[in-house]
1. Below 8 Å, C-alpha to C-alpha, sequence gap of six or more: please give me the relative contact order for the chain in percent.
2. Hey, can you rank 544-555, 524-535, 167-178 by average C-beta count inside 10 Å, highest first?
3. Glu215 to Val169: extension gain in nm, 0.36 nm per residue of separation minus the Cα-Cα distance?
4. Going from the alpha-carbon gyration tensor of the stretch 15-238, what semi-axes, largest first and in whole Å, does one get by taking the root of 5 times each eigenvalue?
5. Taking the Cα centre as origin and putting +1 on Lys and Arg beta-carbons and -1 on Asp and Glu beta-carbons, what dipole magnitude results for the chain, to the nearest 20 debye?
6. Rule-of-thumb check for the chain: C-alpha Rg over 2.2 N^0.38 Å?
7. Given +1 on the Cβ of Lys and Arg, -1 on the Cβ of Asp and Glu, and no further charges, what dipole in debye does the stretch 374-542 carry about its Cα centre, rounded to the nearest 20?
8. Could you derive backbone 3J(HN,Hα) for the stretch 113-118 from the dihedral phi with the Karplus parameters 6.51, -1.76 and 1.60 (θ = phi - 60°), listing whole Hz in sequence and x where the residue is Gly or Pro?
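No lab work stands behind these numbers, since they all come straight from the coordinates. Computed from a predicted model, the values in this text were never measured in an experiment. So basically every Cβ, Gly included, is an ideal-geometry build from the backbone, and we count neighbours across all protein chains shown.
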Amino acid sequence: MTAGDDRRPSADVDPTTLAVLRAALQQVATEMDTTLVRSAFSPVISEMDDRASGLYDAMDGATIAQGPDSMPIFVAGMGYAVGRTIGLLRERGRLDDLRGGDVYIFNDPYAGGTHAPDVKLLAPYLVDGELFCWLATSGHWLDIGGSLPGSVVPDATECYEEGLRIPPVLLHRAGRECPDVADLIFGNIRAPQLQRADLEAMLNGLRVGRRRMDELLARYGAGTVRAAIAQLRTRAAQRMRQIVAELPDGEYPFEDHLDDDGAGGGPMLLRLALRIAGDTMTFDFTGSAGPARGPMNLSRDTTAAAAFIAIKHMFPDLPVNGGALEPVRLVIDDSSFLNAVRPAPVGGYLDCASRVITVVLGALGRCVPEHVPADWFGTSAVMSLSATGRDGRPAAIPLPAAGGMGALPDDDGLVNAPPPHGTAKYPPVETMERRFPIRFDRIELTADSAGDGLHRGGLGNTYQITSLDPSVSISIIGDRARFAPFGVRGGTDARALTVHLDVEGRRRDLPGAKVRHVRLRPGDGVTLRSPGGGGWGDPRHRPPAAVTADLRDGYITMARAQAVYGRRNPSEEE
């Protein structure tokens, strides 16, 4: 496009114009997100919101703006994906051969991706033939191939079992599809018609992004917008340095564990030394466990993204901008499960990222203990449900569990909350029962699942599903079945995750949180109980009125009130 009068400004943009352009750039990403959601066919995007959109720097891929409702792990990691693509194009001498309407498709977990089903589209945005920025959308596809429907393989030992790996390849050239690339992708996945529709929805998001950028630059000029982008990045870096400088210098260690590696290996240690030195923050993961044989591995880029998400939760006014990462250093052993390389499987990345968030918040809890919450439920516990759909076609969908957030220094933890790195919602029961031959018997809060304290943790959830057809099967990748979410400052731990099957009227408790492709006959069922959040402070100091309210709402039982809070009938003490 042609931006019209460039109106190149001085180095600084006035504060009013800068504020307007900051909001306008975010609005571009928001409209991309909205278009993607409203155009998508699969419920994982259209109803569960497992997607993201954003604008990224022309030269290094750093985040410029993102949709405010985008998945945090996608938002935080997309900059690395764009940066890796830029680097690859530069190596191949193709960075100067970009055209308007070019679109690259990408899902490589080892170069800025997360896991195979999370597919990204990257599009260069050109002004008078010069690269101005990148537009990107991301969405979870219901299937990307691999050994199991839904591409969720709890006991995978190689990435090839988890689905098709797509390095950055040109899907559209100057607005025209490269049919050979599309044929290769859709010839290797289940339900290609549905994924083709979701691909078109992602492309729609990019088209809207281009139009809105055209309008923005036509109004303000490319020079002014470019200067504003640079200024916003500088300000984000300055704000992050200010935040870090206000923290006490020192080294703050913390460690936690994943239950297992998904392939028979025992607990996996995640060790962090958080170092604060002036206005620089270092995350040193030296000493963490080596590569997992199973799917509990995480790429370096996603490890960095998860650490930033934890920082953003602690300091919510920190801009989501690539500049905020400039004062941060990351140290990871080459042989760590937090630095996965091909062919290490990464299907359990959400739970690995969960534990990164936990140890970062835990280390900050030793740095500024009065500001840090108790541990959250700590697992996405994704249940992949597959069956012959009611339309007669094979179908699969991931069902991420919600749970309890940790209690805060000044309040109880949220119940039925998404994990800190995700905003994906559990799909509506009506949608699921219409698409799949299943019945939802219960989705409810689990009494007594939260950690107790002066402030109570949030409650976990109970999900109970019954099969109505012999084609129904489930797989689960989860965690926190062995190491429960912890309380702080005298608060107690929450209840850990549990899974059990009901087969021919008999209950079978499963020993962990990994379940591979269990076939459920009609009448068989599965029950998953997600963890609650840890408690904060001494339970003996919890006000009687709060205990009574918890009893009234069904959050705790009378037996729990008597055992933990030391009162025969809390209502008598009001």
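1. RCO, the chain: 13 percent.
2. 524-535, 544-555, 167-178
3. On the way: separation 46, 0.36 × 46 = 16.56 nm, distance 2.86 nm.
Gain on stretching Glu215 to Val169: 13.7 nm.
4. Details: eigenvalues 172, 65, 54 Å².
Equivalent-ellipsoid dimensions as semi-axes: 29, 18, 16 Å.
5. 620
6. Taking N as the residue count of the chain, the ratio is 0.98.
7. The dipole magnitude comes to about 520 debye.
8. Each residue's phi maps through the Karplus curve to give x, 10, 9, 4, x, 8 Hz.
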